[in-house]
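**Student:** Here you go, one structure.
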Amino acid sequence: WRKAMEEEIQALEHNNTWDMVSLPTDKSAIGCKWVYAVKVNPDGSIARLKTRLVAKGYAQVYGVDYSDTFSPVAKLSSIRLLVSLAAIHHWPLYQLDVKNTFLNGDLHEDVYMEQPPGFVAQGESNKVCKLKRSLYGLKQSPRAWFGRFTDVVLSFGLSRCDSDHSVFYRQSHTGKIVLIVCVDDIVITDDQVGISALKIHFQQKFQTKDLGRLKYFLGIEVATSHKGISLSQRKYIIDLLEEIGMLGSKPVDTPMDPNVKLTVEDGEPLNDPEKYRRLVGKLNYLIVTRPDIAFSVSMVISQFMSAPCTTHWQAVLHIVRYLKGAPSRGLIFRDRGHLHIAGYSDPDCLEVTGYSDADWAGCLVDRWSTSGYCVFLGGNLVSWKSKKQSVVSRSSVEAVYCVMANVTRELQWIHMLLTEIGFSVTRQSTLHYDNQSAMHIASNSVFHERTKHIEVDCYFVCEKVNCGEHRLVYTRSEEQLADIFTKPLRSGRMSYIYHHLSGLIPSSLANIGSIRFLDLSHNSLSGPVPDNLFRSCSSLVYLSLAGNTLSGPVPNTLSRCLSLNSLDLSDNHFSSIPDFVTGIWSLTRLRTLNLSHNSLSGPVPEGVLALHNLEELLLRGNQFSGPLPIDIGLCPHLNRVDFSKNLFTGAVPESVQRLNSMAYFSVSNNMLTGRLPVGGVFQSLDQSALQGNLGICSPLLKGPCKMNVPKPLVLDPNAYTNQNDAHRQRNEAAYPTRLHRQIFLSVSAITAISAAILIVCGVIVISLLNVSARRKLAFVENALESVFSSSLSSGSLATGKLILFDSRSSPDCISNPESLLNKAAEIGEGVFGTVYKVSLGNQGAVVSIKKLVTSNIIEYPEDFSREVRVLGKARHPNLISLTGYYWTPQMQLLVSEYAANGSLQAKLHERIPSTPPLSWPNRFNIILGTAKGLAHLHSFRPPIIHYNIKPSNILLDENLNPKISDFGLARLLTKPDKHVIISRFQSALGYVAPEVACQSLRVNEKCDIYGFGILILELVTGRRPVEYGQVNVVILSEQVSTLLEQGNVLDFVDPSLEEYPEDEVLPVLKLALVCTSQIPSSRPSMAEVVQILQLIKTPVPERKEIF
């Protein structure tokens, strides 16, 4: 704390806050004190200790040392409105923090203060501080700071908004900038690059801290994703529960019991009313992101602050228990498609909608009515209020008309604010009411004489309606969203209304046995779908959950909805592998199936034929893999199919050409290969429906393989005809007529008998070969044993001597390699040991020597020599040649060739700024060369597995050709099992294939292919495989997969690559994702990878000849 106090004093002195003077006789000095605070991170951890020197402003005298004190404060509605604009336009939100905020304000009055406690200047104890700058605690400090801040912002060219003085904006040809300030916290958003210049401007004027993307603001947690922006106060609620000891309390479904009516004298007076007031005050701040408690807090418990009783305290605890049930609940702002409104020429026109309601004479204390309204901007909730009316209304019409005037005023303010900062708004704002009499008053002047006591409100609303600014819409009471702000509701009604604002799917919907149509689309629903939601859904015909942020798996209980005609789960966050076989394919009455824009994965198996009435099958924007269902063309009514932006492989089924009535078909941005069918919809198919695949070929196009990527990826281009013929045979044989079915059965019987005979013959042949192989193996083992025994007897396997496989260059003069290493330069270190650069012999040949870590290394010299000599025979231009070894029980060395340009790690991630980055030709050459080297290692029988492919093990020669090092060193381990491998390579985070860590899976050469895929992603993006942010961890492969799905993966390419061919980078990225498949069998072999890479580099004319 002492250090924090010293930092505060230094900041005050640096800011020239005061002068030391003698106190004038006609003046008095105010005191000061230290205030201590612990700053925490959003996760609750301690960020720093903070101290403030605060002046005792309560001793100031008006007209003597202060005058005006008013300072604008940002309206919470303005903050939510700014977040909504950012979400709708997909703009980033940034946050700045001004250090020692109030110290930047200039004082215009003479204010004298005592010296800070503990920091009295030596020899000047009789002097006081004459303040030149504002200080925390002074009555005029907020006004002085805001005046200085306003001057700085205006000098940059921004304008202050008249509708809210805390909002500043600038609109020019370069774009819009919108800024909002709340004391020392500044939030900025824009559509271009003007934020950087504004940040620099602030840093020149104040001591500012750039906090980056907005994450935590005024106690509100802000989370941003491609789906939108969410606001919550989870930490605030958890701290509140912990403070009052209710972390273990039982949650309730509603914030207030609708059967309880509180009065002033309910219960006994509380012994500690301050505890009640503090808790109610904290609950009031929660209304910022929790509109569901607005009525309970603002209109009920806040009435009894002066004399709270025990019953009132129980009502407060009931609200706290409600918050305990869902502490993470909040608001979600996103682009809901409200920018393109029919009838408006401006493509950026925003829609403003309001709901209002009143509870007539609902308060038992004074019979005043309760007003409640909420306002949506572009479908996002930005403003709401629950407030008691100031007069007694004689009818429900009067009560509704009073709130009608309030919401009209709010809509007008939002309209003025948006127009002023440069956003287009629909000419008419829509107002929803459930009282037709009040609507008649607003549109028919005959009723005005009956309502003279609310004449001003009548004329105000009527004027806005008649001039066309507002449009009144009657809404049934069941659909009135403002109902939640006027009265306590039961659980079902509460859940229905709130989840039209945001949150989870109401659990009360579990009993939907009699419901035929259920439409929860385009709300802010989040979380998983309850497992029991469809336990009784035999009558359900239509289901739509589209346009929310629901997550988790698709419920398996959907298979019980056998009457379902339409199922729409699009635009959510559903994940995992759906159950098609026993789930979705069992909904035989289904006509529309829309699973688009989720995170679903796995194969889409055969069986869609069971949906005989299916008309639309939309799976766009997921991660489905495997072949397309071959029976898709046997659904006679299918007219819309969208499989685009997935990971489907193989060829387009021939059966699709049978769908002559197909209106739309798209398989773009997948990994499909093979020839395209020529009949049916394919005769008039647009090129955009095929773009972005690995290698679709069609005779209908001018270029046989020129769909979108001029150089498509194919594994076996000569196998297209055979594959398509096989598909055609399967399609024709899968669903024959009744006449052919008998023939099919007889053919099947013959095939089964033939297969049985072949199996018996195969078993006999394999048995004979096994006996022969055992005899040969025994002979080889005896031969090897005799060779090594003779070698040992003759002394050729010398220990303690450097052995080089090329005897012509063996330096006989080197008898003590350990002393040689002491003089050598250490150039690297890995999991197997340390690498040195050494000069050997009189000619000074430069080699690399690896000093192995002796733990778990083979103990016997003959075994060590045998394994090293096997690795030494692995010679390839893209492998580091192993040229010798040295063995003693205490030290083992490996001698290999030296790579002049070091490792790829140094060139890619540890590059000196003065060194030019690797160009794309160099990077592609490294990818291809590494693939060739690995393919050579895998060609050995048994294959040599590297286990540790990463940039630090890829060395570069003088021409930047790649050479793989450290290959096969796992053979030198005493127990090369999975346990030892995991312990050896646990530092290679992000490169190790998932099966290496799984004891139940067999590890083979496919683990190298996984690491190679990660290496490709690093070379293309310049990113590390795992990067740690402030609040999250970014997995490179997942990020690339997501961006590829969104269609903007090229934005993730390494910025240092100024020029690169997109027709090479895109297929290389797709190849990397195939190599990093979680399923080993789904990864290609390295020989296939080499073929793919060579085809990518093949010029288009030569590639055409292949087909």
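**Student:** Mind listing whichever residues of region 657-676 are more than 28 Å from Leu1066 (Cα to Cα) and modelled with pLDDT of 85 or more? Please lay out each step first, then the result.
**Tutor:** Within region 657-676, the first condition is being more than 28 Å from Leu1066 (Cα to Cα), and the residues that meet it are 657-663.
Once the filter is applied, which keeps residues that are more than 28 Å from Leu1066 (Cα to Cα) and modelled with pLDDT of 85 or more, region 657-676 yields nothing.
**Student:** Suppose we keep only residues that are surrounded by 17 or more Cβ atoms within 10 Å (Cβ to Cβ), in contact with a strand residue (DSSP E or B) (Cβ under 6 Å, 6 or more places away or on another chain) and among the small types (Gly, Ala, Ser) within region 530-589. Which one would you say is farthest from Ile229 (Cα to Cα)?
**Tutor:** My answer is Ser566.
**Student:** Let me ask something additional. Determine whether region 602-614 contains at least one residue that is in contact (Cβ under 8 Å) with a residue 60 or more places away in the chain, closer than 26 Å to Ser538 by Cβ and either in a loop (DSSP other than H, G, I, E, B) or not polar (S, T, N, Q) (or both).
**Tutor:** Yes, region 602-614 contains a residue that is in contact (Cβ under 8 Å) with a residue 60 or more places away in the chain, closer than 26 Å to Ser538 by Cβ and either in a loop (DSSP other than H, G, I, E, B) or not polar (S, T, N, Q) (or both).
**Student:** Then there's this: Restricting the search to region 947-965, which residues are over 16 Å from Arg875 (Cβ atoms) and touching a residue at least 60 places away in the same chain (Cβ under 8 Å)? Step through it out loud before you land on a result.
**Tutor:** Residues of region 947-965 over 16 Å from Arg875 (Cβ atoms): 947-954, 956, 958-960.
Within region 947-965, Tyr947, Asn948, Ile949, Lys950, Pro951, Ser952, Asn953, Ile954 meet the criteria.
**Student:** Taking strands (runs of 3 or more DSSP E) that do not extend beyond region 458-572, which have at least 2 residues that are modelled with pLDDT of 80 or more?
**Tutor:** Details: elements: 470-474, 517-519, 526-528, 542-544, 549-552, 566-568.
It comes to 542-544, 549-552, 566-568.
**Student:** Residue under question is Tyr355, and the condition is that it be modelled with pLDDT of 85 or more, hydroxyl-bearing (Ser, Thr, Tyr) and either assigned to a strand (DSSP E or B) or crowded, with 23+ Cβ neighbours inside 10 Å (or both); does it hold?
**Tutor:** Values: modelled with pLDDT of 85 or more: yes; hydroxyl-bearing (Ser, Thr, Tyr): yes; either assigned to a strand (DSSP E or B) or crowded, with 23+ Cβ neighbours inside 10 Å (or both): yes.
Yes; evaluated as a whole, the condition is true for this residue.
**Student:** Here is a further query. For Gly57, state whether it is without any contact (Cβ under 8 Å) to a residue 12 or more places away in the chain and either surrounded by fewer than 13 Cβ atoms within 10 Å (Cβ to Cβ) or not aromatic (Phe, Trp, Tyr) (or both). Break it down stepwise before answering.
**Tutor:** Details: without any contact (Cβ under 8 Å) to a residue 12 or more places away in the chain: no; either surrounded by fewer than 13 Cβ atoms within 10 Å (Cβ to Cβ) or not aromatic (Phe, Trp, Tyr) (or both): yes.
Criteria not met by Gly57.
**Student:** Take Ile944 and decide whether it is buried (at least 21 other Cβ atoms within 10 Å of the Cβ), touching a helix residue (DSSP H, G or I) at 6+ places or on another chain (Cβ under 6 Å), at pLDDT 90 or above and among the hydrophobic types (A, V, I, L, M, F, W, C).
**Tutor:** Working: buried (at least 21 other Cβ atoms within 10 Å of the Cβ): yes; touching a helix residue (DSSP H, G or I) at 6+ places or on another chain (Cβ under 6 Å): yes; at pLDDT 90 or above: no; among the hydrophobic types (A, V, I, L, M, F, W, C): yes.
Considered against the rule, which asks whether it is buried (at least 21 other Cβ atoms within 10 Å of the Cβ), touching a helix residue (DSSP H, G or I) at 6+ places or on another chain (Cβ under 6 Å), at pLDDT 90 or above and among the hydrophobic types (A, V, I, L, M, F, W, C), Ile944 comes out as no.
**Student:** Select from region 209-262 the residues that are touching a Gly at 6+ places or on another chain (Cβ under 9 Å) and acidic (Asp, Glu) and write down the one among them that is surrounded by the most Cβ atoms within 10 Å (Cβ to Cβ).
**Tutor:** Here the answer is Glu221.
**Student:** Something else about it: What's the number of the condition Pro942 fails, among (1) more than 20 Å from Glu1059 (Cα to Cα); (2) touching a residue at least 24 places away in the same chain (Cβ under 8 Å); (3) outside any helix (DSSP H, G or I)?
**Tutor:** All conditions pass for Pro942, except number (2).
Yes/no per residue for (1) modelled with pLDDT of 75 or more; (2) not β-branched (Val, Ile, Thr); (3) not assigned by TED's automatic domain parsing to the domain that holds Ser939:
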{"site": "Leu804", "(1), (2), (3)": "yes, yes, yes"}
{"site": "Ser807", "(1), (2), (3)": "no, yes, yes"}
{"site": "Lys823", "(1), (2), (3)": "no, yes, yes"}
{"site": "Val838", "(1), (2), (3)": "yes, no, yes"}
{"site": "Gln843", "(1), (2), (3)": "no, yes, yes"}
{"site": "Phe864", "(1), (2), (3)": "yes, yes, yes"}
{"site": "Val868", "(1), (2), (3)": "yes, no, yes"}
{"site": "Ile880", "(1), (2), (3)": "yes, no, yes"}
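**Student:** Can you pull out every residue in region 133-158 that is loosely packed, with under 15 Cβ neighbours inside 10 Å and either touching an Asp or Glu at 6+ places or on another chain (Cβ under 6 Å) or not in a helix (DSSP H, G or I) (or both)? Talk me through it step by step, then tell me what you get.
**Tutor:** Going through region 133-158, the residues loosely packed, with under 15 Cβ neighbours inside 10 Å turn out to be 151, 154-155, 157.
Within region 133-158, Gly157 is the sole residue that qualifies.
**Student:** Pairs only if they're at least six apart or on different chains, beta carbon under 6 angstrom, first in region 1049-1068 and more than 19 Å from Ile1035 (Cβ to Cβ), second among the basic types (Lys, Arg); list them, first residue then second.
**Tutor:** Listed pairs, sorted by first residue: Asp1063/Lys711.
**Student:** Taking region 25-44, which residues are surrounded by 12 or more Cβ atoms within 10 Å (Cβ to Cβ) and under 26 Å from Gly63 (Cα atoms)?
**Tutor:** Scanning region 25-44 gives Lys27, Ser28, Ala29, Ile30, Gly31, Cys32, Lys33.
**Student:** Another question about this same structure. Counting just the residues of region 848-900 that are in contact (Cβ under 8 Å) with a residue 12 or more places away in the chain and among the acidic types (Asp, Glu), which one comes out nearest to Ser952 (Cα to Cα)? Outline the logic, then answer.
**Tutor:** Applying the first criterion (in contact (Cβ under 8 Å) with a residue 12 or more places away in the chain) to region 848-900 yields 848-854, 856-859, 861-862, 864-872, 874, 876-900.
From the residues that got through so far, the ones that are among the acidic types (Asp, Glu) too are 859, 862, 867, 897.
Numbers: Glu859: 28, Glu862: 30, Glu867: 23, Glu897: 16 Å.
Across region 848-900, the extreme among qualifying residues is Glu897.
**Student:** Can you tell me which of Gln95, Gln115, Gln171 is surrounded by fewer than 21 Cβ atoms within 10 Å (Cβ to Cβ) and part of a loop (DSSP other than H, G, I, E, B)?
**Tutor:** Details: Gln95 fails: part of a loop (DSSP other than H, G, I, E, B); Gln171 fails: part of a loop (DSSP other than H, G, I, E, B).
When all the criteria are applied, what remains is Gln115.
**Student:** What is the residue count in region 123-132 for residues that are among the charged types (D, E, K, R) and outside any loop (DSSP other than H, G, I, E, B)? Outline the logic, then answer.
**Tutor:** The initial filter retains those residues of region 123-132 that are among the charged types (D, E, K, R), namely 124, 127, 130, 132.
Checking which are outside any loop (DSSP other than H, G, I, E, B) leaves us with 130.
Number of matching residues: 1.
**Student:** What residue, of Thr189, Thr208, Thr150, is within 29 Å of the chain's Cα centre (by Cα) and within 23 Å of Leu418 (Cα to Cα)?
**Tutor:** On the way: Thr208 fails: within 23 Å of Leu418 (Cα to Cα); Thr150 fails: within 29 Å of the chain's Cα centre (by Cα).
One residue alone meets the criteria, Thr189.
**Student:** Let me confirm something: among Asp266, Asp292, Asp253, which residue is within 14 Å of Lys324 (Cα to Cα), in contact (Cβ under 8 Å) with a residue 40 or more places away in the chain, in the same structural domain as Tyr322 (by TED's automatic domain parsing) and touching a strand residue (DSSP E or B) at 6+ places or on another chain (Cβ under 9 Å)? Give the steps one after another, and end with the answer.
**Tutor:** Numbers: Asp266 fails: within 14 Å of Lys324 (Cα to Cα); Asp253 fails: touching a strand residue (DSSP E or B) at 6+ places or on another chain (Cβ under 9 Å).
None of the others qualify; the one that does is Asp292.
**Student:** Now for a separate question. Given the conditions (1) surrounded by fewer than 20 Cβ atoms within 10 Å (Cβ to Cβ); (2) more than 34 Å from the chain's Cα centre (by Cα); (3) on the phi < 0 side of the Ramachandran plot, report the number of the one that Gly680 does not fulfil.
**Tutor:** It is condition (3) that Gly680 fails.
**Student:** Among the strands (runs of 3 or more DSSP E) confined wholly to region 619-687, which include 1 or more residues that are aromatic (Phe, Trp, Tyr) and assigned by TED's automatic domain parsing to the domain that holds Val581? Walk me through it before giving the result.
**Tutor:** On the way: elements: 623-626, 640-642, 647-650, 664-666, 671-675.
Of the strands (runs of 3 or more DSSP E) lying wholly inside region 619-687, those with at least 1 residues that are aromatic (Phe, Trp, Tyr) and assigned by TED's automatic domain parsing to the domain that holds Val581 span 623-626, 647-650, 664-666.
**Student:** All but one of (1) modelled with pLDDT under 85; (2) assigned to a helix (DSSP H, G or I) hold for Ser78; which doesn't?
**Tutor:** (1)
The values are calculated or read from the model by the stated rules, or taken from the named source; none is laboratory data. Since the model is a prediction, treat every value here as computed from it, not as a measurement. So basically every Cβ, Gly included, is an ideal-geometry build from the backbone, and we count neighbours across all protein chains shown.
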